[in-house]
Amino acid sequence: MVRPGCPVILLHLFSIFIQSGAHTREILYPYGPNHRDLETPKMDDGSSPEITLSTNFVFFNAPYRIIYINNNGVISFNVQVSQFTPEAFPLSDSRSFIAPLWADVHNGIRGDVYYRETTEPEILERATQDIRRYFKNMPTFTATWAFITTWHQVTFYGGSQTTPVNTFQTVLIADGVAFFTMFNYGEISWSTGTASGGDPLTGLGGTTAQAGFNGGDIGHFFNLPGSRSNDMVNIEQTTNVNTPGRWLFRVDTELINPANGRFYRRGEVFWLSDQCSQRCRCLDIDNEVQCQEAPCGQLETCELQEGAFYCQPTRTSTCVVFGDPHYHTFDGFLYHFQGTCSYLLARPCWEVTGLPFFSVEAKNEDRGMASVSWLRDVTVEVYGHRVMLPKGSVGAVQVDGLMKTLPVQLELGAIKVYQSGVAIALETDFGLLVTYDGQHYASISLPSSYFNNTCGLCGNYNDDPADDPVLPDGSLAESVVELGGSWRAEDTDWRCTDGCAQNCSVCDPVTEAFYFRPDYCGLINKTDGPFRDCRAVVDPTAFVYSCVYDMCSNRDNITTLCQAIQAYALACQALGVTIRSWRSRTFCALTCPENSIYQVCTSACPASCSDLTSPLYCVHPCTEGCQCDPGHVLSGSASGEEGECTLRCTCGPNGEVSCFNSSCKEGEVCVAEVGLLGCYPRREGVCSITQNSVTTSFDGTFLLFPDDSSYYLLKLCSPVPANGSMVEVKMGRRFVNKGPTWKRPVVVTVANMEAQMGGSDFDIVKVNGDQ
């Protein structure tokens, strides 16, 4: 295990904390009056005057010419930053700044803040060698410009001439093409001013210092490990370049690029060497890296991408189910099946070492026409979890019987469920990707490691469409009804059938020709239409005929037409093909929630309250959907303004968000419950019971109940809420003949889980009948 202690990111193959002896300031570049440095005013929360640089400095892809040196440990662009209590990045208030140590400095009490722009040969030569040493891929880099800022023995607000001091430095380095920021920490002894809750003698505690980079919006930021924690006073013992007290980054690109390593997001999977023999995952718990022997599988190759090794499939294939419904298998075989039961779409046919098991099932339904059916729910079983993507649900899924608001991560990031355009996507760490739009369109994508090893209605994935209508016994089906019925899954719907056998959708030749027109289904394969670039990549023929099939079943239904066209659009975009805008206000308009707008090409991994940086790491092509307005991110199924009912939000140790503001009523608190930000009651209801009484009900009432009956202690009085689950608590009757040690059983039922306590052995709990 590697334990770098990083709250947001993890540095690959390099321990962040390095033990060192007596720490000196030798890593600091020369500074002070002897080097013609200027100095900021000695005052609380002060800053330098506006500084116009002799050259642009590029930060997060944006060029800046104006900077300010702020006493509180910040170098800001275009505006001063006088704020003394630091906040965790990102800050979406348009302020862009570099923070080596953002804390409440008072150089009016003690210390100096020096700065200078320089092209001195000695400084540039030193900067050149440092960049070349730490960025091995830039052996010809030659610095042409530097800006050095040093906070020298500064103390904190509320301190004195005898309180602890900090010395640290930021060096900006550039050659006109590449731009770097170096943090040098000489002596760090305090982290907090008294106005931020710090101790007046030690400068510790309270809201501690923040270090990193803020780009002014929710997508551009970087937090140094230990930020806003007590670990900040040990930052001079940390590094990413094997020199305690020094951190170095390239800062001109879309993502901050750390020297000498690669940062991984929590849940990300990678391999350690060019042999791809050890598979590792960055865990959500304690930021550990967990590695195990796991070489690449069949039809996978070990490839180097962006400084890391990955087992990449040689290909990926997708099965699509859409309309009423049409099945387009992994191998490209198309058929129409109208069953209304639950059916297996795909799973491995047999176990293979190193190949995880999964199962994808679909429940179909009749929507008013007995001759055809439609998708209702899609259920995925993987890694011991059962995740249902239900019909009509936007922003929520059912996980092991409980409704969860998106995004959801399970098994330390091995399973991710998130909103992706118009659909909900479930993605695993072994390459399975399942999407469902909640209405009619579902897709299953599998890597080549499952080649020739899939069973179900999606076929056997062996590049031969002719043998896709295969039954579980290996023989070919004689009809789609036989094929579908053979892959039935467990279903409580006793009224379901395997649908009609023939003539399920019939049109006269004139009507059929009408639906083939370019202003109807023919739009899909129109040579100068919105999908013209996709015709050579995804054959439109099957989608056009499926569209006509659906229109014949649902005469003149514009919704059916729009869904058929959408199916082809999504299939094209899934392969990275650019499509033109095909919707309009009067044709197939897509209604978006408040604070969002329809885009034909938006991120397949949109930012949310739980993951603001998701779009930056998205590896999937863009997809059509609703894009949040600037300054807004997904909160459940809607686009909410970041902190819209808050003045201050904090992230708790288990990932919960707690926010407080006067906009909530008295007795309420602004928090995220089941993933939705809002005002909720501050208190929790408590009901206390004994063997024969309710000592305190939720409202404080005392109640007796007889021994010879069983009672519901808690039961929902109304239907289960949309983002809730069924809950019941029942007290059993007392049996006198069981003896004095026998306790009345209590049975707690939540969703499909039942726990029973009590009886003869109160130390034993039965869950679903098992001890």
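Summary table
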{"read-out": "Residue check for residue 454: assigned by TED's automatic domain parsing to the domain that holds residue 332, among the β-branched types (Val, Ile, Thr) and crowded, with 20+ Cβ neighbours inside 10 Å", "value": "yes"}
{"read-out": "Residues satisfying the stated conditions in region 334-351, i.e. assigned to a loop (DSSP other than H, G, I, E, B), buried (at least 19 other Cβ atoms within 10 Å of the Cβ) and among the hydrophobic types (A, V, I, L, M, F, W, C)", "value": "337, 341"}
{"read-out": "Single residue of region 182-213 satisfying the filter (among the hydroxyl-bearing types (Ser, Thr, Tyr) and touching a strand residue (DSSP E or B) at 6+ places or on another chain (Cβ under 8 Å)) that is farthest from residue 145 (Cα to Cα)", "value": "194"}
{"read-out": "Subset of region 600-621 that is hydroxyl-bearing (Ser, Thr, Tyr) and more than 20 Å from residue 577 (Cβ to Cβ) - its residue that is surrounded by the fewest Cβ atoms within 10 Å (Cβ to Cβ)", "value": "617"}
{"read-out": "Pick from region 474-493, criterion without any contact (Cβ under 8 Å) to a residue 40 or more places away in the chain and farther than 24 Å from residue 317 by Cβ, ranking: farthest from the chain's Cα centre (by Cα)", "value": "478"}
{"read-out": "Considering residues of region 381-406 that are among the hydrophobic types (A, V, I, L, M, F, W, C) and within 18 Å of residue 604 (Cβ to Cβ) only, the residue nearest to the chain's Cα centre (by Cα)", "value": "406"}
{"read-out": "Cβ pairs under 6 Å, 6+ apart, first in region 598-613 and in contact (Cβ under 8 Å) with a residue 60 or more places away in the chain, second of a type in the set (Ser, Thr, Tyr) and buried (at least 19 other Cβ atoms within 10 Å of the Cβ)", "value": "604/420; 604/623; 605/614; 607/614; 609/635"}
{"read-out": "Yes/no for residue 517 being of a type in the set (Lys, Arg), touching a residue at least 24 places away in the same chain (Cβ under 8 Å) and not assigned by TED's automatic domain parsing to the domain that holds residue 326", "value": "no"}
{"read-out": "Counted residues, region 411-427 - those being surrounded by fewer than 20 Cβ atoms within 10 Å (Cβ to Cβ) and on the phi < 0 side of the Ramachandran plot", "value": "1"}
{"read-out": "Single residue of region 297-308 satisfying the filter (modelled with pLDDT under 85 and crowded, with 16+ Cβ neighbours inside 10 Å) that is nearest to residue 254 (Cα to Cα)", "value": "308"}
{"read-out": "Matching option when the condition is crowded, with 21+ Cβ neighbours inside 10 Å and outside the structural domain of residue 447 (by TED's automatic domain parsing), among 575, 561", "value": "561"}
{"read-out": "Residues within region 85-111 that are modelled with pLDDT under 95 and in contact with a helix residue (DSSP H, G or I) (Cβ under 6 Å, 6 or more places away or on another chain), tallied", "value": "1"}
{"read-out": "Odd one out for residue 564 among (1) free of Cβ contacts under 8 Å to residues at least 12 places away in the same chain; (2) aliphatic (A, V, I, L, M); (3) assigned to a helix (DSSP H, G or I)", "value": "(1)"}
{"read-out": "Residue within region 352-366 that is farther than 21 Å from residue 453 by Cβ and part of a loop (DSSP other than H, G, I, E, B) present", "value": "yes"}
{"read-out": "Number of the condition not met by residue 506 [criteria: (1) at pLDDT 90 or above; (2) in contact with a helix residue (DSSP H, G or I) (Cβ under 9 Å, 6 or more places away or on another chain); (3) farther than 28 Å from residue 311 by Cβ]", "value": "(1)"}
{"read-out": "Check on residue 499, buried (at least 19 other Cβ atoms within 10 Å of the Cβ), touching a residue at least 60 places away in the same chain (Cβ under 8 Å) and part of a loop (DSSP other than H, G, I, E, B)", "value": "yes"}
{"read-out": "Within region 21-118, strands (runs of 3 or more DSSP E) holding 1 or more residues that are of a type in the set (Lys, Arg) and in contact (Cβ under 8 Å) with a residue 24 or more places away in the chain", "value": "112-118"}
{"read-out": "Selection within region 410-434 - in contact with an Asp or Glu (Cβ under 7 Å, 6 or more places away or on another chain) and in a strand (DSSP E or B)", "value": "416, 423, 433"}
{"read-out": "Residue within region 480-493 that is in contact with a helix residue (DSSP H, G or I) (Cβ under 8 Å, 6 or more places away or on another chain), over 21 Å from residue 326 (Cβ atoms) and part of a loop (DSSP other than H, G, I, E, B) present", "value": "no"}
{"read-out": "Given (1) within 30 Å of residue 504 (Cβ to Cβ); (2) in contact with a strand residue (DSSP E or B) (Cβ under 8 Å, 6 or more places away or on another chain); (3) crowded, with 20+ Cβ neighbours inside 10 Å, index of the condition residue 382 fails", "value": "(1)"}
{"read-out": "Residue within region 332-339 that is among the hydroxyl-bearing types (Ser, Thr, Tyr) and under 14 Å from residue 454 (Cα atoms) present", "value": "no"}
{"read-out": "Filter result (crowded, with 21+ Cβ neighbours inside 10 Å and more than 31 Å from the chain's Cα centre (by Cα)) within region 88-114", "value": "104, 105, 106, 107, 113"}
{"read-out": "Condition met for residue 402 (over 18 Å from residue 346 (Cα atoms) and surrounded by fewer than 18 Cβ atoms within 10 Å (Cβ to Cβ))", "value": "yes"}
{"read-out": "Strands (runs of 3 or more DSSP E) contained in region 196-279 and holding at least 2 residues more than 23 Å from residue 26 (Cα to Cα)", "value": "210-214, 221-223, 269-271"}
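The values are calculated or read from the model by the stated rules, or taken from the named source; none is laboratory data. What you are looking at is a predicted structure, and each value in this text was computed from that prediction instead of being measured. Counting neighbours? That spans all protein chains shown, and the Cβs are built from the backbone with ideal geometry, glycine included.
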